[in-house]
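Down below is the structure, laid out as structure tokens.
The values are calculated or read from the model by the stated rules, or taken from the named source; none is laboratory data. Remember, it's a predicted structure, so these values are computed and weren't measured experimentally. Counting neighbours? That spans all protein chains shown, and the Cβs are built from the backbone with ideal geometry, glycine included.
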Amino acid sequence: MGICRARLKIILDIPSSFLLYRIAMKKFFSIDNPPANYGHCMNHGCPRSATCLRYMLGKLPHSANPFVSCLHPSHYPAGVQCPYYRSSQKVRVAWGVRYLWDDVPYKLAVQMKQTLIRYFGRGVYYSYYRKEVPLFPEEQEVIRKLFAENGVTSEPVFESYSEEYEW
């Protein structure tokens with residue numbers, strides 16, 4: 001039996017709008033080429049600045065764009081918890097779902113693929129298929145849960161992996 005989209009959302013508790021936002025933000029950005037208007041931070045006194053992606057961007061020279069979007073000092077948080085903090089730790093992302101169904105029986109694979117298309121949307125699914133956008137750990141977990149719920153014991157097989165920033 002296939003797992004329905006509503007049940008999958010309950011399992012993972014990830015709203016679809018969040019996934020669509022993540023897909024829109026996960027283009028090919030690097031530390032030298034951040035997303036346009038990505039917020040920088042210049043808070044030198046922040047206890048988490050050593051591991052903050054926004055602070056790291058704030059320290060870099062921006063020869064291509066002399067004006068950047070920056071967190072206003074009046075919004076610097078007083079404590080350690082900062083709502084604007086983004087970890088500078090790279091995450092392991094997967095690319096491509098072309099071979100995802102190779103070890104799954106055909107009828108089950110068709111059902112599972114349709115479940116993913118309903119969950120992510122056709123355009124997003126085929127963006128994964130064409131390796132236009134990566135699957136971040138949360139999206140990989142959606143697929144792992146789908147495999148487990150359908151009794152598939154093998155791990156999902158993605159085409160390749162890379163380390164990327166989570167913008």
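Observations
- Residues in segment 115-167 that are basic (Lys, Arg) and either in contact (Cβ under 8 Å) with a residue 40 or more places away in the chain or within 19 Å of residue 91 (Cβ to Cβ) (or both): 118, 131, 144, 145.
- Conditions (1) of a type in the set (S, T, N, Q); (2) under 27 Å from residue 39 (Cβ atoms); (3) touching a strand residue (DSSP E or B) at 6+ places or on another chain (Cβ under 7 Å): number failed by residue 160: (2)
- Residues in segment 34-65 that are of a type in the set (S, T, N, Q) and outside any loop (DSSP other than H, G, I, E, B): 49, 51.
- Scan of segment 118-158 for residues that are surrounded by fewer than 18 Cβ atoms within 10 Å (Cβ to Cβ) and more than 17 Å from the chain's Cα centre (by Cα), ordered by number: 118, 122, 148, 149, 150, 151, 153, 154, 155, 157
- Here residue 31 fulfils each of the conditions (1) surrounded by fewer than 16 Cβ atoms within 10 Å (Cβ to Cβ); (2) at pLDDT 80 or above apart from (2).
- Checking residue 78 against (1) farther than 28 Å from residue 132 by Cβ; (2) among the hydrophobic types (A, V, I, L, M, F, W, C); (3) modelled with pLDDT under 85; (4) surrounded by 13 or more Cβ atoms within 10 Å (Cβ to Cβ), the condition it does not meet: (4)
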